[in-house]
Structures are given as structure tokens and as C-alpha cells.
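Encoded as C-alpha cells, the structure appears first; notes follow it.
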Amino acid sequence: MNSGWLWLGIGFLGQALFSARFIVQWLASERAKRSIVPKAFWFLSIAGGATLLAYAIYRRDPVFIAGQGAGLFIYARNLVLIRRESREVRQKKKASAPSA
């Protein structure tokens, strides 16, 4: 197998990961009976985006590279915001808990 076929497989893998995030979001929303974006959506966005970025770099496609590179920043930032919010909620719960 030559490297062209390997990179084509990497590109399809990235696209599959990237597309899976929509299925995860849809199923989570159906379960909750409202629109939500679970953490798995952002992790799949990063996995798919990073894989597609590697493929774009291999293809030397500047438009594809710019799009995936910018997306990775946004996906990572959302995970940082989610982590920060979770930490704040835990601290508030701890502070409001009765002392023993």
C-alpha cells in the first residue's frame, strides 16, 4: 500500500469522526427532549478536526488547513469553558455544604 492510500484512509477516518459528532449531539438531544451539546461532541470535533488537519497538510490545501486549524481552536476553547464551569459548580456546592 502506498502513502496515498494511507492518507486517503486517514482523510476518511477524520471525516467519519467529524460526522459522528452530529449523531452524538442528535441522540443526546433526543434523550433530553431539548437541544444540547454534550462534551463528546467537542471531543469528536477535536479528534475529527485534528485528523482532517493532518490530511489537509498532506494535501497542501491552504483553505482546508485554515478551516480545520481555526476549528480546533474553537473546539478546545469550548472544552476549557465547560471545564471551568464544572469546577465553579463544584466549588459552589462545596462552599454551600453544611460544615460538620
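The values are calculated or read from the model by the stated rules, or taken from the named source; none is laboratory data. Everything numeric here is computed off the predicted structure, so don't read it as measured data. Neighbour counts run over all protein chains shown; Cβ positions are idealised from the backbone, glycine included. Side chains are part of the model used for accessible areas, which takes the heavy atoms of the whole protein and leaves out ligands, DNA and RNA. Shrake-Rupley method; radii C 1.70, N 1.55, O 1.52, S 1.80 Å.
Mean projection of the alpha-carbon convex hull of the stretch 9-61 over all orientations, in nm²? Each step should come with its number before you reach the end.
Values: hull surface 14.1 nm².
For the Cα atoms of the stretch 9-61, the hull's average projected area reads 3.5 nm².
To check my understanding: the extent here is largest minus smallest coordinate of the Cα atoms along each principal axis. What are those three numbers for the chain, in Å, largest first?
Result, largest extent first: 66, 26, 25 Å.
Return one number: the angle in degrees, 0 to 90 and rounded to the nearest 10, between the long axis of the Cα atoms of helix 39-59 and the longest principal axis of the Cα atoms of the chain.
Rounded to the nearest ten degrees, it is 20.
Compare the Cα positions of 25, 50, 9 along the charge dipole of the chain (+1 at Cβ of Lys, Arg; -1 at Cβ of Asp, Glu; about the Cα centre) and return the one farthest towards the positive end.
Value computed over the given set: 25.
Over the chain, with every protein chain in place, what whole percent of the accessible area is carbon and sulfur at 1.4 Å, could you tell me?
Carbon and sulfur: 65 percent of the exposed surface of the chain.
Skip the ligands, DNA and RNA, and give the accessible area per residue of the chain with a 1.4 Å probe, whole Å².
Working: 7380 Å² over 100 residues.
Per residue, the chain has 74 Å² of solvent-accessible surface.
I'd like the projected area of the stretch 41-100, averaged over all directions, using the convex hull of its alpha carbons. Report it in nm² with one decimal.
Taking the Cα atoms of the stretch 41-100, their convex hull projects to 4.7 nm² on average.
Work out how much length residue 84 to residue 66 would gain on full extension: take 0.36 nm times their residue separation and subtract the Cα-Cα distance, in nm to one decimal. Mind dumping the intermediate values first?
Numbers: separation 18, 0.36 × 18 = 6.48 nm, distance 2.74 nm.
Length gained, residue 84 through residue 66: 3.7 nm.
For the stretch 50-94, run through the trypsin sites (Lys or Arg not before Pro) and keep only the ones in DSSP coil with at most 13 other Cβ atoms within 10 Å of their Cβ.
Qualifying residues, ordered by number: 60.
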